[in-house]
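Working notes, beginning with the structure itself.
Bear in mind these aren't lab numbers, they're just calculated from the coordinates by the rules spelled out. The structure presented is a predicted model; accordingly, all values stated were derived computationally and were not measured. Methodologically, a virtual Cβ is constructed for each residue, glycine included, from the backbone with ideal geometry; neighbour enumeration extends over all protein chains shown.
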Amino acid sequence: MAKFKMKPPKSLRGRLKDVAKNHDFDSDKALMEHFITRGLKVYGASEDDDLDAQLEHVVEEQGYSGVDELVEHLLLRGLRAYEEAEDDPAKLEERLRGLGYID
């Protein structure tokens with residue numbers, strides 16, 4: 001996959017930074033990439049395609065109005081998974097595995 005160049009929506013930047021810091025991601029951009037690539041995988045996008053092609057495929061297949069809506073949905077889904085985490089690390093791991101964020 002090509003180098004990740006997307007910028008997060010302004011409304012989510014603070015939340016991405018907080019979750020990245022609290023869960024040992026290198027940066028908010030790394031967290032954003034994680035949420036998007038994992039989310040695309042859940043939707044069945046081909047990992048052989050570049051990011052733009054994967055996004056367009058999921059937009060077409062799932063009926064999103066556009067890439068921006070899809071990206072925002074994937075980011076919100078990921079943020080909720082990490083922000084609403086259980087105090088029990090085993091439950092957090094189980095939840096993240098079930099949502100496809102970890103293998």
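Lysine pairs, Cα distance under 14 Å, 8 or more residues apart or cross-chain: how many in the chain?
The number of close lysine pairs in the chain is 7.
Show me the GluC sites (Glu not before Pro) within the range 14-103 that DSSP assigns to loop and that have at most 16 other Cβ atoms within 10 Å of their Cβ.
Hits after loop and neighbour filter: GLU47, GLU84, GLU86.
The list (i) 0.96; (ii) 1.36; (iii) 1.00 gives values of Rg/Rh (Cα atoms, Kirkwood Rh), and only one came from this structure; which label was calculated from it?
Label of the calculated value: (i).
Under 10 Å, Cα contacts only: if you run a Gaussian network model on the chain, which one of LEU74, LEU55, LEU92 comes out with the highest mean-square fluctuation?
LEU92
Within the chain, which complete DSSP H helices have Cα atoms spanning at least 30 Å along the helix axis and a mean Kyte-Doolittle hydropathy of -1.0 or higher? Working shown, then result.
Numbers: long enough: none.
None clear 30 Å together with a mean of -1.0.
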